[in-house]
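Working notes, beginning with the structure itself.
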Amino acid sequence: MAISIQTNVSSIVAQDNLRVNNDFQNRTIQRLTSGYRINSSGDDAAGLAVANGFRSDVVELQQGIRNANDGISKLQIVDGGLNNITKIVDRLKTLATQSATDTFTGNRATLDAEFQTLLGEVDRQAANVGLDNGGGNNVAISVYIGGGSSAANAAVTVDLSGATNQVDSAGLGLNTSAVDTSANALTAIADIEAALDALGGVQGTVGTGQNLLQYAVNLAQTQVANLSAAESRIRDSDVAAEAANLTKGQVLQQASLAALAQANVGPQSVLALLR
């Protein structure tokens with residue numbers, strides 16, 4: 001093997017290996033301190049694209065869960081109003097039944113006055129829950145949740161639109177009812193029974209909507225957990241493996257420094273030939 005003073009090949013090789021070992025150690029330290037295996041696109045470009053897709057799906061679903069919970073709250077408010085209107089209709093039936101009998105000896109005008117006042121209260125409460133003609137909730141309520149293969153699959157719709165879902169006195173067919181006579185009271189009883197059936201249908205729609213939204217929340221939470229786990233497997237660092245790599249990098253760095261020191265003093269052996 002030729003001995004050269006001008007070019008110290010051993011030193012060059014040692015310097016290159018030291019550079020490689022320093023890069024390896026720096027990358028390992030970055031992964032340990034950040035907690036991520038992928039800290040830049042160059043670390044894993046394909047994996048980064050997939051992980052970003054998972055992360056995007058997660059944030060969509062997280063907001064979708066909040067949307068669904070808001071929808072459930074909205075329907076619960078409507079349901080509470082419907083329950084109260086049902087109680088008022090029960091009182092209407094009590095008054096109508098009282099007036100319908102020929103054995104009633106009181107003042108039917110007094111019964112009818114309360115009856116008409118309660119019909120007005122039905123209208124007020126129906127307006128408050130938005131289920132009167134033109135009311136804010138007398139529409140098809142679409143709640144976007146996400147996680148579906150298409151926009152249609154990503155939303156839950158609760159249809160409260162149309163006259164069949166209006167629970168004011170007109171929508172329930174009670175706006176012309178009265179109990180001022182026994183005959184009118186009998187007619188009112190039949191109208192009230194139909195109104196209770198209609199109310200039950202609206203309550204059924206609201207209850208079904210709440211259940212659908214809760215099922216959607218359950219699915220979305222499962223999807224968030226699974227997508228987060230999938231992203232973690234791609235993006236996050238394996239701390240145990242990186243800790244082992246750090247030890248390996250430190251040993252290699254020290255060995256490279258020691259070898260470089262030896263390689264740098266190697267050309268001094270040429271002086272022995274010149275003595």
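Every number here is computed from the coordinates shown, using simple stated rules; none is lab data. Only a predicted model underlies this, so the values are computations on that prediction, with no experimental measurement involved. In this analysis, Cβ positions are derived from the backbone assuming ideal geometry, glycine residues included, and neighbour counts consider all displayed protein chains.
Rank GLN203, PRO267, ALA154 by how far each Cα sits towards the positive end of the charge dipole of the chain (+1 on Lys, Arg Cβ; -1 on Asp, Glu Cβ) and give me just the farthest.
Farthest along the dipole direction, towards plus: PRO267.
Here are labelled values, (i) 6, 18, 14, 12, 10, 9, 8, 7, 6, 4, 3, 2, 1, 0, 0; (ii) 6, 22, 25, 19, 16, 10, 3, 0, 0; (iii) 7, 26, 28, 18, 9, 5, 3, 2, 1, 0, and one is the computed P(r) over Cα pairs in 10 Å bins from 0, in percent for what I pasted. Which one?
The value matching this structure is (i).
Once phi is turned into θ = phi - 60°, what whole-Hz ³J(HN,Hα) does the Karplus curve with 6.51, -1.76 and 1.60 give for every residue of region 139-148, x standing for Gly and Pro?
Listing the rounded values in order: 9, 7, 8, 9, 10, 7, 10, x, x, x Hz.
Set the Förster distance to 45 Å, then compute FRET efficiency between LEU246 and THR7 from the Cβ-Cβ distance, nearest 0.05. Don't skip to the end; give the middle numbers.
Working: r = 34 Å, r/R0 = 0.76.
Between LEU246 and THR7 the formula returns 0.85.
From the Cα gyration tensor of region 1-93, with a ≥ b ≥ c the square roots of its eigenvalues, which class applies: rounded if a/c is under 1.5, or else prolate if a/b is larger than b/c, or else oblate?
It is prolate, given that a/c is not under 1.5 and a/b is the larger ratio.
Which value in nm describes the separation of the simple spin-label points at ALA261 and SER142, placed 7 Å from the Cα toward the beta carbon?
Each label point lies 7 Å from its Cα, and together they span 7.3 nm.
Give the peptides 41-49, 244-252 in descending order of average Cβ contacts within 10 Å, highest first.
244-252, 41-49
Placing +1 at every Lys and Arg Cβ and -1 at every Asp and Glu Cβ, with all other atoms neutral, what dipole size does the chain have around its Cα centre, in debye to the nearest 20?
1880 debye
Which of the peptides 7-18, 88-99 is most tightly packed, and how do the rest follow, judged by the mean count of other Cβ atoms within 10 Å per residue? Display every interim value, and only then the final one.
Details: 7-18: 14.7, 88-99: 18.3.
Put in order of decreasing packing, that is 88-99, 7-18.
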